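The values are calculated or read from the model by the stated rules, or taken from the named source; none is laboratory data. In this text, all values refer to a predicted model and were calculated from it rather than measured experimentally. Here Cβ is always computed from backbone atoms with ideal geometry, including for glycine, and neighbour counts include all displayed protein chains. The protein model used for the area step is the full one, side chains on, heavy atoms only, and it has no ligands, DNA or RNA in it. Shrake-Rupley method; radii C 1.70, N 1.55, O 1.52, S 1.80 Å.
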Amino acid sequence: MKKEKKLRTLSQRQARIGRLFVYPWLLGFLIFFAWPFIQSIIFAFSQLDVSPEGYNLIFVGFRNFIKALREDPNFVRYLTNEIGNMLVNIPLIIMFSLFIAILLNQKFRGRTFVRAIFFLPVVVMSGALLYVLESNSMEQFTMGAQAGMALSNSPFLRGIDFRLFLIRITGNIPFLMPVINAIDRIYEIIWKSGVQILIFLAGLQSIPTSLYEVAHVEGATAWETFWKVTLPMISPIILVNVIYTVIDSFTDYSNDVLRYILEVAFRQLNHGYSAAIAWLYFVIIGIVLLIIMWALSKRVFYMNE
């Protein structure tokens, strides 16, 4: 009885600590984001006319959403392009980041320095540095996108045009084009893999060494150990990284959909339609995440199960 009470007290204490971590975010959301969040929903179902005295809202129902899906060719085109890019980039980023994390998890001289190099793009693309880059000559709402594209397409990163080089070697063979396209994305993959590598490193270091010792005693090869021990143990980390990469892909500065939303809002001053396509984009991201979580969660292995 006393042991049960002690366990209940421990779980209650852990729940209390968990809530303490959540409360600051919840308080910040209520103070800074709750009203703009509700206001954007109101704008999405309205036509907003801006005047020197303020703005007038005219309720239009689902007209903005119908326009985005049926009448606006730009939104649908940008959206399909981003989904296509996401479907191609995610497997490449996950495989590359896992491969690099496994290499960086080995013991060698200068390991910390090499890890810092792979995490450098995350620091470079941080908000503070982007703000410095943005303040030079770019308009406010396109600054981040253009700065990110300029960095990823700079001569330093693109010294060799791999795509043109491989097409000349292979003679533009159709079935090799997916491989050529994947190699051509290597700069973008490296640039977007810093956080994923760090998360995979943490997951690899959390695997008990006793499992590898047992595999070695049983005579398992390195390849068998990877498939039977490493991969199942980091499957929850793979799910986390996939979800992170999907969100990062959909919210990237160079994302055409985000740039179009900002253009409609701040250049065309059509705030109602901009709010509608932003909410459509949000719902589509949510649907994609639910599908991915449903598909991958069935293959995730938890050691305590």
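What the table shows:
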read-out	value
Residues satisfying the stated conditions in region 213-257, i.e. closer than 21 Å to residue 301 by Cα, open to solvent by 50 Å² or more (accessible area, probe 1.4 Å) and within 27 Å of the chain's Cα centre (by Cα)	227, 240, 244
Residue under evaluation residue 88, criteria (1) surrounded by 16 or more Cβ atoms within 10 Å (Cβ to Cβ); (2) at pLDDT below 90; (3) within 16 Å of the chain's Cα centre (by Cα), criterion not met	(1)
First in region 219-230 and among the polar types (S, T, N, Q), second anywhere and in a helix (DSSP H, G or I) and open to solvent by less than 70 Å² (accessible area, probe 1.4 Å), Cβ under 7 Å, 6 or more apart	225/215
So residue 288, is it at pLDDT 90 or above, open to solvent by 30 Å² or more (accessible area, probe 1.4 Å) and closer than 19 Å to residue 77 by Cβ	no
Which numbered condition residue 265 fails, given (1) open to solvent by 40 Å² or more (accessible area, probe 1.4 Å); (2) touching a His at 6+ places or on another chain (Cβ under 8 Å)	(1)
Selection status of residue 74, closer than 15 Å to residue 270 by Cβ and outside any helix (DSSP H, G or I)	no
Filter result for the condition that a residue is modelled with pLDDT of 90 or more, in a helix (DSSP H, G or I), loosely packed, with under 14 Cβ neighbours inside 10 Å and over 24 Å from the mean Cα position of the chain (by Cα), over 7, 20	20
Residue 47 vs. criteria assigned to a helix (DSSP H, G or I) and over 26 Å from the mean Cα position of the chain (by Cα)	no
Boolean, residue 229 is out of contact with any Leu (no Cβ under 8 Å at 6 or more places or on another chain) and aliphatic (A, V, I, L, M)	no
Condition met for residue 244 (farther than 24 Å from residue 104 by Cβ, in contact with a helix residue (DSSP H, G or I) (Cβ under 7 Å, 6 or more places away or on another chain) and not hydrophobic (A, V, I, L, M, F, W, C))	no
Failed item in (1) open to solvent by 100 Å² or more (accessible area, probe 1.4 Å); (2) in contact with a strand residue (DSSP E or B) (Cβ under 9 Å, 6 or more places away or on another chain); (3) at pLDDT 90 or above, with residue 42 passing the rest	(1)
